[in-house]
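Structure first, then comments.
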Amino acid sequence: MQEENWVVVRSLAGEHIATLSLAKSATVWSVKQRLRDSLHPASVASPYCQQLVFGDQGVLGDDDQLERLPTLQLTEQLELTLLTLPFEASAGSALVEAASQGTQGKVEEALRARADPNFTTPADGTTALHAAALAGHELVIDRLCEVQASVDRTGQTQTSFTRSACCKSCVLFGCC
């Protein structure tokens, strides 16, 4: 059995957000995923918009391992502060474009640039999830669902065909 420790996550104001039990070998990205999975989706930002801060060491990288942080040598509890950054508006169009082309690497790049998974194009209200579903890009659909892209999100001029293609694909691929 793997050794575990408690991770306490607080807001910048010091308010308790969550206490998580994680393996000592877990990464910062694992903490972000657990926050997403354990809290109500509306109450937690995309993991790409989260920054976790550890004491005087500052912002931790997603690949940083918890066991390498000094406090775990002394105690079983780790205290982190969660900073939430806003979505980057300019990354939204790149996300929709990459999703429509089925380019997984570019989808991931846009998400890392803090694209809103529910960004709608001004011209026709298309979202990345709708574009991927319409083009049948299963892996992109799955990834977008993992980052909480909404099936119900449609722009004012979103066609019923695109909406039904999205919902049909999401049912087929298990993201709604």
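The values are calculated or read from the model by the stated rules, or taken from the named source; none is laboratory data. Keep in mind that this is a model prediction, so the values were computed, not measured. Heads up, the Cβs are rebuilt from the backbone with ideal geometry, glycines too, and the neighbour counts pull from every protein chain shown.
Residues in region 27-77 that are buried (at least 17 other Cβ atoms within 10 Å of the Cβ), at pLDDT 85 or above and more than 26 Å from A115 (Cβ to Cβ): F54, L66.
Scanning region 121-155 for residues that are in a helix (DSSP H, G or I), surrounded by fewer than 23 Cβ atoms within 10 Å (Cβ to Cβ) and more than 14 Å from the chain's Cα centre (by Cα) gives L134, A135, E138, L139. Condition check for P86 on (1) more than 16 Å from the chain's Cα centre (by Cα); (2) surrounded by fewer than 19 Cβ atoms within 10 Å (Cβ to Cβ): one failure, at (1). For region 68-127, a residue qualifies if it is polar (S, T, N, Q), in contact (Cβ under 8 Å) with a residue 40 or more places away in the chain and within 17 Å of S46 (Cα to Cα), and exactly one does: T81.
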